[in-house]
Amino acid sequence: MTSLQLKAEVEDFLYREARLADEFQLDEWEALLTDDFHYWVPAGRLEGDPSEQLAYLNDNRARVATRIRQLKTGKRLSQLPFSPMRRMISNIEVVDQGDDTISVKANFVIYEIAAQSTGELRIWPGQAQYRLRRVDGSLRMSSKWVELVTAELGQRNLTFLI
């Protein structure tokens, strides 16, 4: 596979992942994850060991599955009704390609309407670092680490998947 083909495949994957999260197609989003998936949103910069830092989210695959089940019950008031949102992804860069993994960085901005409370527009800018792995011929996400531009400031409740 050429580097252009790989970049196109990675971009398609990230755009699909964003769309599924935006549209709360949570089962389909979850299907993009590997069994050893790690999801980390530190309360600061992406540096050091995730187990030694304060984090807004630091979830393994089982915890992500629990979070999704809770959101799907319709009883999680923090997302009732669901927040309309859209993600913009840019500056997608394949940083490294190993034998079985692809490391990717991308900038993002999430626009969210806080439908369950004030109705205000909330903006969440940052950078995501992904580790992708090919499973049965398709890309899957084995980690997603998110550094919010505002990470060192107080955050509102992160009741959705960034």
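No value in this document is a laboratory result; all are computed from the given coordinates. Here the structure is a predicted model, which means the values were calculated and not measured. Here the Cβ positions follow ideal geometry from the backbone for every residue, glycine too, while neighbour counts run over all protein chains shown.
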*Consider the candidate values (1) 14.9, 48; (2) 14.9, 43; (3) 15.5, 48; state which one is Rg and Dmax of the Cα atoms in Å computed from the structure displayed.*
(3)
*asked:* Please check: in the Gaussian network model of the chain (C-alpha springs, under 10 Å), which one of D35, D59, D99 has the largest mean-square fluctuation.
replied: D99
*Sequence-distant lysines (8 or more away, or on other chains) whose Cα lies within less than 24 Å of K72*: K144
*Farthest toward positive dipole pole in region 3-148 [+1 Lys/Arg, -1 Asp/Glu at C-beta], among S51, L148, G119*: G119
*Angle between the chain longest axis and helix 3-22 axis [Cα atoms, degrees, rounded to 10]*: 20
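Just to confirm a number: summing +1 for Lys and Arg and -1 for Asp and Glu over residues other than S138 whose beta-carbon lies under 14 angstrom from that of S138, what do you get? Mind dumping the intermediate values first?
On the way: positive: R16, R133, R134, R140; negative: E9, D12, E17, E28, D100, D136.
Overall, the nearby charge balance is -2.
Provide the percentage of antiparallel DSSP beta bridges, counting only those with both residues in the chain; round to the nearest 5.
Working: 38 of 42 bridges.
The antiparallel fraction comes to roughly 90 percent.
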*Do any trypsin sites (Lys or Arg not before Pro) in region 7-87 lie in a DSSP loop with no more than 12 other beta carbon atoms within 10 Å, and if so, which?*
R45, K75
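Based on other C-beta atoms within 10 Å, arrange S138, S51 from fewest to most. Please list the in-between numbers first.
Values: S138 11, S51 8.
The order, fewest Cβ neighbours first, is S51, S138.
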_With Cα atoms, 0 to 90° folded angle of helix 61-72 axis to the chain main axis_ = 40
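Arrange the following residues from fewest to most other Cβ atoms within 10 Å of their Cβ: T73, T150. Write out the running numbers ahead of the final one.
On the way: T73 8, T150 12.
Lowest count first: T73, T150.
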